[in-house]
Amino acid sequence: MSVKSQIIQINSLSDERGSLSVIESNKQIPFEIRRVFYIFSTKENIRRGFHAHYKTRQALVSVSGTCKVFLDNTIRKEEVILDSPNKVLILEPNDWHEMYDFSDDCVLLVLASEHYDSNDYIRDYDEFVSVYGNKQYLLL
Ligand code: T46
């Protein structure tokens, strides 16, 4: 697990027809993909997320439009702007995250390392700090 967010730039295959981008397990992103979901038609001024995970790693890419992601791993807080279908943000389990400022046309694609399990979520910030806050020295 890292203390800095990992942003991966992938290459598009572009020709006279347009562009195609590829993300494969353990190639462009550092984990096996077990689940794919996407967030779209997000209403104005909505903020989503507000959680970290115990196990799940995720890759976020705005395949259309833009949005912002706030990250907090208890020792650094950071805002990342997802504004390109070739910019992939890797979220580690210890990254508390919130997504906001979705453009009307934003489609946020998420590739996850685990199947859906509601027990893998840490939705209480104090619990998040107690789970990860005193372990950060291990991540440096
Ligand atoms: C995350 C961010 C980036 C399912 O039934 N299966 C699923 O795979 C997912 C992702 C969600 N759900 C259900 C659970 C809720 O009843 O869909 C509903 C909305 O999910 P949630 O409120 O968790 O959505 P976000 O946008 O707050 O968070 C989601 C992911 O859940 C989360 O893992 O990291 O996107």
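The values are calculated or read from the model by the stated rules, or taken from the named source; none is laboratory data. Quick caveat, the model's predicted, so the values are computed rather than measured. Please note: Cβ atoms are built from the backbone with ideal geometry, for glycine as well, and neighbour counts cover all protein chains shown.
Remarks
- With respect to the conditions (1) exposed (fewer than 15 other Cβ atoms within 10 Å of the Cβ); (2) within 18 Å of ILE8 (Cα to Cα); (3) out of contact with any Ser or Thr (no Cβ under 8 Å at 6 or more places or on another chain), LYS68 lacks only one, and its number is (1).
- Pairs where the first residue, in region 11-31, is within 19 Å of ILE90 (Cβ to Cβ) and the second is of a type in the set (D, E, K, R), C-beta under 6 Å, 6+ apart: SER25/GLU32; PHE31/ARG57
- For region 109-123, the set of residues classified as acidic (Asp, Glu) and exposed (fewer than 13 other Cβ atoms within 10 Å of the Cβ) consists of ASP117 only.
- Residues that are under 15 Å from the mean Cα position of the chain (by Cα), more than 19 Å from ILE122 (Cβ to Cβ) and at pLDDT 95 or above number at least 3 in the following strands (runs of 3 or more DSSP E) confined to region 1-88: 6-9, 35-40, 58-64, 77-82.
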